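> This is the structure I have questions about; it appears just below.
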Amino acid sequence: MSQATLNTPPDASGAVATESLELAIGGMTCAACSTRLEKVLNRLPGVQASVNLATERATLRFAPGALTLAQATAAVERAGFQASDARQLAREAERARHQAEWRVELRHFWIAAVLSLPLAAQMPAMFGLWPGGEVHHDLVPRWLQLLLATPVQFWIGARFYRGAWASLRGGGANMDVLVALGTSMAYFYSLVVTLANRHDLHVYFEASAMIITLVLLGKLMEARAKARTTAALDALLRLQPKMARVERDGELVEVPVESLQPGDLFVLRPGDAVPVDGVVEQGESAVNEAMLTGESLPIDKQAGDTVFAATLNGNGLLRCRATGVGAQTLLAGIIRLVEQAQGSKAPVQRLADRIAAVFVPVVVAIALLTFAGWWLASGDFQQALINAVAVLVIACPCALGLATPTAIMVGTGQGARAGMLVKNAEALELAERIGVLAVDKTGTLTEGLPAVTDVVPAADWTRERLLAVAAALEQGSGHPIATAIVAAARADAIDLPATEAVNAVGGMGIEGRIRGEAGVQAVLLGSPRFLLERGIGLAEAVSDDLAAAGKTLVAVAVDGVFAGLIGVADRVREDSAAAVARLQAKGVRVVMLTGDHPATAEAIARHTGITDWRAGVLPGDKAAAVEALRQAGDDKPLRVGMAGDGINDAPALAAADVSFAIGVGADVAVEAADITLVRNSLHGVADAIDLSRATLSKIRQNLFFAFIYNVLGIPLAAAGMLNPVIAGAAMAMSSVSVVSNSLLLRRWRAGR
């Protein structure tokens, strides 16, 4: 087994709320297993657990210090399963273990198949399909049937007895109980008949042996198909190169990627894959980031630009400094998010979990009733026994447990390939139900990189002096507008005065003091509303003209007197209008929330085709606006999505039913969002809705397949219309059909 991940995630406020632990689980065979283990873990004090059959993982969340790894594994082992750590760095070891287990399972299957083949060869004669139409049960001598069936039953089939005992000892019943009970009934009845030399009675060694062989075949096919569900994640892992060219003592040397440290200089030749995240220090090139963002066109890179691990350099030579290595790269973060989503549960799975919890006991009861009913009604003990065995075998709940998680695994993997990182399965399910999408303006509808377009000084002020004062206060801020103002001052080579006591006023602006030729002066800088609330009048005509043109306004006052306006324009993304139209075509109402001036908001809304917008919304009010949109439904609350990219969007992202962080975004925005869109485009939200609909469609189809096998199969078996061997084959195919149907999601592609 692999190793564990034990970490402490922060909540939205940055405080530590819970610890989490992920365990790799061994010994689960069906949905009843995962459901029972989940109940056992949830009984631990202060623990919230989720067990995923498809990924064979258990995720536990608990209060700090409330649980240790040893306590968790002990609880799992008491329930009859094996547990070990599940650290991501051990993925290669875990893959090797799975391959070793696969080889053992394959060998056991072929042994069982060879031993069962002579028994299966006589089955046509047992159904009267032999030439002449006569029914024969003993074409193979009974002593030979016994010799062939015994190793299949107790050597190859030992896994079912072990699993059944562990399950019963843990207080539950799983698929192993059904298989062990059904095959044992057929085998021991046949053994007694054979030892008693009762040739007037039939034996059913072929049923017990063939059922075990077919179950093993189904497990092999299921395991192979499940392995393919993680193909997208494995493809991501293979993207990162093993070696990197690093500058050491003035020379280029090749070193393993694992040895790189932040600050190391590495060189990318044309065609090289980027080994770690870094910043370009020298050179120009175009980098293909499709593997991370889904964007097909290469992105131009030059000094100061960021490159990401696993992306592909074009024709230029780049010299870069490492900033993120190992688990700190964007690729590693993507893999963590995908694994987290694949291990989570969608709400639609709750129905399957509730059924699985009582399924096996109900099936055993039906089998007993079938046996008793047939024996009492017909007096035929053999027929009653065989019908009861058929009920036990056809009722395997494997398909039920795989219906949801396999579709989630493939769906989240495809999303990762398209630049959509889904944090949990619930978000993927809810995305298709969004009725309203609230979107931030800056960085979401626009490029998020504004530039100064207008500098309008008041009387007795000059352009250079106004820019100097504004840039002096803004130079310590990382806000895009502040960056634009500082960049404009530096472009004009303007000297900035010294500042002191600079403070940000949340959602409004900045206040502080500057020291210059006129001495120390108090400065206010921010939205026009900020100055108006401080009793400072503006040049309204100029302000309205700039706002009407879609400019963001920065007003400046010195010593309580208006000093001028700076107009900043953030270009609308080229594809925003098309993305909004695409969302509206899906029946999603798009609402823009922005803290900007109403005239600016109106200009952006008009350009993008948005008819509903809210301007002047402070960061703390965005969450309230999301709740208001939710309650605006006629008869029931609407499902509201929120798309944003900044720190100020975090409260609204957390308040929404489904939230989308556009681009890499601010860390707190990514933390609060359910789905992170690596590509800087609102098209990603439409893609996420498409993916959600495709995934939920597969889940519904899978649940139908899982239920239909049992709904039709159990009554047919109880009615004596289903041979146990045929039941075994149908049971195996139910799991294979569910997993194979999930794999059809690999055809899904993001649409533009």
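> How long is the range 474-525 along each principal axis, judged by its Cα atoms, biggest number first, in Å?
On the principal axes, the range 474-525 reaches 30, 30, 13 Å in Cα extent.
> So, one more: Can you list residues from other chains, or at least 5 along the same chain, whose modelled amide H is less than 5 Å from the amide H of residue 657?
HN-HN under 5 Å from residue 657: 640.
> Here's something else I'd like to know. List every residue whose amide H lies under 5 Å from the amide H of residue 439, counting only residues 5 or more places away in sequence or on a different chain, with H placed 1.01 Å from N in the peptide plane.
Here 591, 592, 593, 643 satisfy the definition.
> Beyond a 26 Å Cα-Cα separation, which of these cross-linked pairs lie in this structure: 586/698; 39/423; 423/551; 441/586; 39/636; 551/622?
423/551; 39/636
> What's the percent breakdown of Cα-Cα distances in the range 535-585 across 5 Å bins, shortest bin first?
The distribution over the range 535-585 is 5, 18, 19, 14, 12, 10, 8, 7, 5, 2, 0, given as percents.
> Output the peptides 246-252, 383-389 sorted from most to least packed, where packing is the average of other Cβ atoms within 10 Å over each peptide's residues. Numbers along the way, then the final one.
Numbers: 246-252: 10.4, 383-389: 24.1.
Sorting 246-252, 383-389 by mean packing, highest first, produces 383-389, 246-252.
> Could you report the range 367-502's accessible area per residue, 1.4 Å probe, as an integer in Å²?
With the other protein chains kept in place, the range 367-502 gives 34 Å² per residue.
> On to the next question. For the range 492-629, what is the charge dipole size about the Cα centre, in debye to the nearest 20, if Lys and Arg each add +1 at the Cβ and Asp and Glu each add -1 at the Cβ?
It works out to roughly 580 debye.
> Mind ordering 433-440, 553-560, 144-151 by average Cβ neighbours within 10 Å, highest first? If you can, show how the numbers build up before the last one.
Values: 433-440: 23.6, 553-560: 21.2, 144-151: 18.0.
Those peptides, ordered most packed to least, come out 433-440, 553-560, 144-151.
The values are calculated or read from the model by the stated rules, or taken from the named source; none is laboratory data. The model shown is predicted, which means the values in this text are computed figures rather than measured ones. Backbone-built Cβ (ideal geometry, glycine too); neighbour counts: all protein chains shown. With ligands, DNA and RNA removed, areas are computed over all heavy atoms of the protein, side chains included. Shrake-Rupley method; radii C 1.70, N 1.55, O 1.52, S 1.80 Å.
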